[in-house]
Amino acid sequence: MGILGKTMYERIEKFNKAALRLDFSQLPTGLYHGKMGLCVYFYELADLISEEKYRFIAEKLFDDIVTQIAETVKIDPPEGLTGICMAVNFLINSGYINGNPNHVLKDFDNKILKSLLFLYIPEFNPDIDRLQKVLGSLSYLTVRLQNTRLTKNERDIMKGVIIEIINKFESLNIDKFTEPAHFSITEYFISHYLQLLQRIYRLDFYNYKIEKIIDGFSFRLLSLYPMYQANRLSLSSLMQELNTLLGGITGWDRHIELLQQNIDVSWIINDFRNKDMSFERGLCGFYFLLRKIGLNRKYQDQFIHKIEISDNWNHYLELDNDYIHTFSLYSGAPGVILTYLHLLNRGNALSFFDSVIGQYC
């Protein structure tokens, strides 16, 4: 461990050369599958392997995004403003670009808040995919509220929008507990919701209501037993965090213990086989989950081996592949490469995922 072998070096170099031949003007701007994700990838890569050419590409991508961001209508994290703004906040805080987040993001924050108030709330409906996007936008607001330099008025408006949407959400008759038909770091709704409630609770402005919400669905949660071991691990870890934060919730200790029984991490890793490595739904997303709950070190070599032998590399290096499953940060090679470099101890190659995706899962 710690040595980038010739084969993997050549794969990464070949992928990067293919990425540099992309017509960036034709790419969407979003974070998950667009230019913002590639921008983050090249900034991180330039820092990790000290290659100035990648920083130049990252800067070019960022300049393109700046010229197009005002035209962005969507606000959801995968394709819209909240994902882009979350990434910009990360790039500023990491020193990749210069600026004051409050100045840079001010106009976009206002656009996001107006969209939530005048578009999403009036048209609120029980479609789970749409609600996932709304929850992701609220996660962005909780990140902005951590900035102590926001004015009182700015903070009050953001808090008011969060309260309004959570109340609206709780008034809907929806199934919060349906498990996706696969492992996903971002698509398991109840895990996403528990994480958001925890983040709001830590901000200490809506705690009584949060406690009532949790008390209201606790009985249903205690009957939940996800089919997929990885989803069970995700749910139990978030329940553990909330249980500790709230000082103990009746019945949760026993259910957390039940969820964590018979979880075989090595089996889960092998169950991904040699194909699905992606961060969004695959091996690298599962590695992030293990890292988040402190269980990753024991399995480092196993993850490295799985990535190195994966059949996905044949797909990534075919030059006529579709963009999303090849070049996007979440579904393609960039997220895999950053995970691999992290496993080789090349700095904190997952700092972006810690800072951004850690807010959602």
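Descriptive notes on the structure:
- Three-way shape label, region 211-269, alpha-carbon gyration tensor, a/c 1.5: prolate
- As a fraction of the 1.4 Å probe accessible area of the chain, surface on carbon and sulfur atoms comes out at 49 percent.
- Charge tally in the Cβ shell below 10 Å around ASN147, where Lys, Arg are +1 and Asp, Glu are -1, ASN147 excluded: +2
- With contacts taken as Cα pairs under 8 Å and at least 6 residues apart, the chain reaches a relative contact order of 21 percent.
- Correct option for Cα extents along the principal axes in Å [calculated from the coordinates] among (1) 108, 56, 37; (2) 65, 51, 45; (3) 56, 49, 32: (3)
- Estimated at 0.36 nm per residue, the fully extended path between ASP63 and HIS103 surpasses their Cα-Cα distance by 12.7 nm.
- When each of LYS176/LYS306; LYS133/LYS212; LYS14/LYS275; LYS74/LYS106; LYS111/LYS176; LYS159/LYS212 is checked by Cα-Cα distance, pairs over 26 Å: LYS176/LYS306; LYS111/LYS176
- Local charge for PHE15 was computed over the other residues whose Cβ lies under 12 Å away, with Lys and Arg +1 and Asp and Glu -1, and equals +1.
- Magnitude of the charge dipole for the chain, about its Cα centre and with charges confined to Cβ atoms of Lys, Arg (+1) and Asp, Glu (-1), is about 640 debye.
- Estimated dipole of region 76-213 in Debye, rounded to 20 [Cβ of Lys and Arg +1, of Asp and Glu -1, Cα centre]: 560
- Relative contact order for region 57-188, counting Cα pairs under 8 Å that sit 6 or more residues apart, in percent: 22
- Net charge over other residues, Cβ less than 11 angstrom from the Cβ of ASN89 (K, R count +1; D, E count -1): 0
The values are calculated or read from the model by the stated rules, or taken from the named source; none is laboratory data. Predicted model, so just to flag it, every value in this text is computed and none were measured. Please note: Cβ atoms are built from the backbone with ideal geometry, for glycine as well, and neighbour counts cover all protein chains shown. Note: areas computed on protein heavy atoms with side chains; ligands, DNA, RNA excluded. Shrake-Rupley method; radii C 1.70, N 1.55, O 1.52, S 1.80 Å.
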